[in-house]
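Data block below; observations after.
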Amino acid sequence: MALVEVNFHPTNKDLRSFGTIGLIATCIIATLLFLIKGLAIKWCAAIIVVGALIFISSRVSLKLTKGIYLTFTLLTLPIGIAVSYLLMGIFFYLVITPIALFFRLIGRDILNRNFEPHTDSYWIKRKRQEDLKHYFRQF
């Protein structure tokens, strides 16, 4: 299984959702650019027109929308791959590794992996359950 998968065969519902999300996203982006960056109204209107065209194409021609969908998907695929691997690396090296090093430092071994050369067996004896109904309630 790949980390980022591309849907080369979107359903009609996916394409209509893409059109709706495209309209909503472009309106939000244009509004934020206008309010935060002070982008000119004509550029904000152009962004909203692009979203409206995507929305209209999703309602009129699903073949055209599929082309737009695949174009945007393939253009943003490298960004998705880079960000996903970057976030996994950051999470591993900044969260998991310090926790593991701390557990090694304090000697915590939750799996009980210590090697004891004079031990005959590593079997851990457990108390047997008296109630047989317990076997049907595993969780």
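The set of residues from region 1-13 being without any contact (Cβ under 8 Å) to a residue 24 or more places away in the chain and not small (Gly, Ala, Ser) comprises Met1, Glu5, His9, Thr11, Lys13.
Against the condition without any contact (Cβ under 8 Å) to a residue 60 or more places away in the chain, open to solvent by less than 100 Å² (accessible area, probe 1.4 Å) and assigned to a helix (DSSP H, G or I), how does Ile68 come out, does it pass?
Considered against the rule, which asks whether it is without any contact (Cβ under 8 Å) to a residue 60 or more places away in the chain, open to solvent by less than 100 Å² (accessible area, probe 1.4 Å) and assigned to a helix (DSSP H, G or I), Ile68 comes out as yes.
Entry remark, region 12-55: residues being within 20 Å of Leu75 (Cα to Cα) and part of a loop (DSSP other than H, G, I, E, B) number 0 in total. For region 91-107, a residue qualifies if it is farther than 30 Å from Val6 by Cα and assigned to a helix (DSSP H, G or I), and the qualifying residues are Thr97, Pro98, Ile99, Ala100, Leu101, Phe102, Phe103, Arg104, Leu105, Ile106. All told, Met88 falls short of being part of a loop (DSSP other than H, G, I, E, B) and modelled with pLDDT under 95.
Somewhere in region 116-136, is a residue part of a helix (DSSP H, G or I) and modelled with pLDDT of 90 or more? So far as region 116-136 goes, no, none of its residues is part of a helix (DSSP H, G or I) and modelled with pLDDT of 90 or more. Within the option set Gly80, Gly107, being at positive phi and either modelled with pLDDT under 95 or surrounded by 10 or more Cβ atoms within 10 Å (Cβ to Cβ) (or both) holds for one residue only, Gly107.
The values are calculated or read from the model by the stated rules, or taken from the named source; none is laboratory data. These numbers come from a predicted model, not from an experiment. Reconstructed Cβ throughout: ideal geometry from the backbone, glycine too, with neighbour counts over all protein chains shown. In case anyone asks, the SASA skips ligands and DNA or RNA and just uses the protein heavy atoms, side chains included. Shrake-Rupley method; radii C 1.70, N 1.55, O 1.52, S 1.80 Å.
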